[in-house]
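The values are calculated or read from the model by the stated rules, or taken from the named source; none is laboratory data. Owing to the predicted nature of the structure, the values given are computational and were not obtained by experimental measurement. Heads up, the Cβs are rebuilt from the backbone with ideal geometry, glycines too, and the neighbour counts pull from every protein chain shown. What goes into the accessible areas is simple: the full protein's heavy atoms, side chains included, and nothing from ligands, DNA or RNA. Shrake-Rupley method; radii C 1.70, N 1.55, O 1.52, S 1.80 Å.
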Amino acid sequence: MSKMSYAEAISDSVAIEMRQDPNIAYVGEDPVGGAQQVFMGAWCEFPERFIVAPITETANAGCAIGASMCGMRMILDMMYADFIPVAMDEIYNQAANVCYTYNGKGNCPVVIRAMCGNGTSEGLQHSHSLENLFAHIPGLKVVMPTFPDDAKGLMTSSLRDNGPVIFLTHRKLGYNEGEVPDNEYLVPLGKAKVVREGKDVTLVSWSYPVMTCLQAAENLVKQGINAEVIDLRTIVPWDKECIKESVRKTGRLVVVSEENHTGSFAGEIAATLAEEIFNALKGPIKRVTSIDAPVPIEKLEDMYLITPEKIEKAVMSLF
């Protein structure tokens, strides 16, 4: 184990996989200086496998997806999640449909990495959480790790997957540090993790809001409430059974996400649990999300953010 930042853990995974597989390559606009430098270490070791592209998201996506269909395993760095929709024809109509189009005989192993989330006043064109948009598209997997070790393990699994993976890294996690396995390390896609055990209420989240949930859980102890916190880790596929097991124990569920409220994946989780284990619930399922508005900056962004207090208020309404 070594102490690494979240960004270093991702780069370490990519470097290890590049050593083992000569078909892994990168297409992106700024692997060295952009979006928290999550590929810096791999770029230093394998500069010949990095295509530093101009600001042409559509062309970059076509290059990476086309190469993936022809035998490469590509990393497509879109820098910010807000920029991914520029190339949605390539991603939605092409990459996501390859397996279906060719009756399971064709693959498109491309990892589409971008930074997401708010909280650093980068404005409404660089700060949105769009995982619900990508989760709606059949054929795409959506990965959103919270901790450095999971970032490394999930990147390895994503690089080895034979289909397109959207890999979203939160802007407030890039420099967080933690203990990370030194060598090859995998975390399976579709497996959630209980990061805090509790008996009174289940808090489900992913990416940076998991940290906010943990802080809220500590505060709730003062109210005599012991919250269980689940890090979903991957949105597609998502681990329904882990959440069901927790809710059967606690009887209460709060889903926390930085997405806009309407159409959020938090709503998908709430609906699924209401459909499948309604009788286990002691009260309504609550969602804590961002409001239905673009992400503002500075003082207005402070009002917009998911906070421990907002989570605590939702939890207290269930008792």
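When Tyr92, Tyr80 are screened for being in contact (Cβ under 8 Å) with a residue 24 or more places away in the chain, closer than 18 Å to Lys141 by Cβ, aromatic (Phe, Trp, Tyr) and out of contact with any Lys or Arg (no Cβ under 6 Å at 6 or more places or on another chain), only Tyr92 passes. Scanning segment 277-308 for residues that are touching a residue at least 60 places away in the same chain (Cβ under 8 Å) and assigned to a helix (DSSP H, G or I) yields Glu298, Glu301, Tyr304, Pro308. Candidates are the residues of segment 99-153 that are within 30 Å of Glu177 (Cβ to Cβ) and among the polar types (S, T, N, Q); the one that is modelled with the lowest pLDDT is Thr120.
One residue is enough: does segment 89-112 have a residue meeting the conditions hydrophobic (A, V, I, L, M, F, W, C) and closer than 15 Å to Ala151 by Cα? So far as segment 89-112 goes, yes, one or more of its residues are hydrophobic (A, V, I, L, M, F, W, C) and closer than 15 Å to Ala151 by Cα.
Taking segment 205-230 as the range and being in contact (Cβ under 8 Å) with a residue 40 or more places away in the chain, more than 11 Å from Thr250 (Cβ to Cβ) and touching a strand residue (DSSP E or B) at 6+ places or on another chain (Cβ under 6 Å) as the test, the residues that pass are Ser205, Ser207, Tyr208, Pro209, Val210, Cys213, Leu220.
Count of segment 160-212 residues, restricted to those that are aliphatic (A, V, I, L, M) and assigned to a loop (DSSP other than H, G, I, E, B), is 5.
Count of segment 225-271 residues, restricted to those that are outside any loop (DSSP other than H, G, I, E, B), touching a helix residue (DSSP H, G or I) at 6+ places or on another chain (Cβ under 8 Å) and basic (Lys, Arg), is 3. Filtered by the rule that a residue be among the aliphatic types (A, V, I, L, M), modelled with pLDDT of 95 or more and either open to solvent by 40 Å² or more (accessible area, probe 1.4 Å) or closer than 16 Å to Glu8 by Cα (or both), segment 26-74 gives Ala59, Met69, Met72. If only residues of segment 1-34 that are part of a loop (DSSP other than H, G, I, E, B) and not small (Gly, Ala, Ser) are counted, the one that is farthest from the chain's Cα centre (by Cα) is Pro22.
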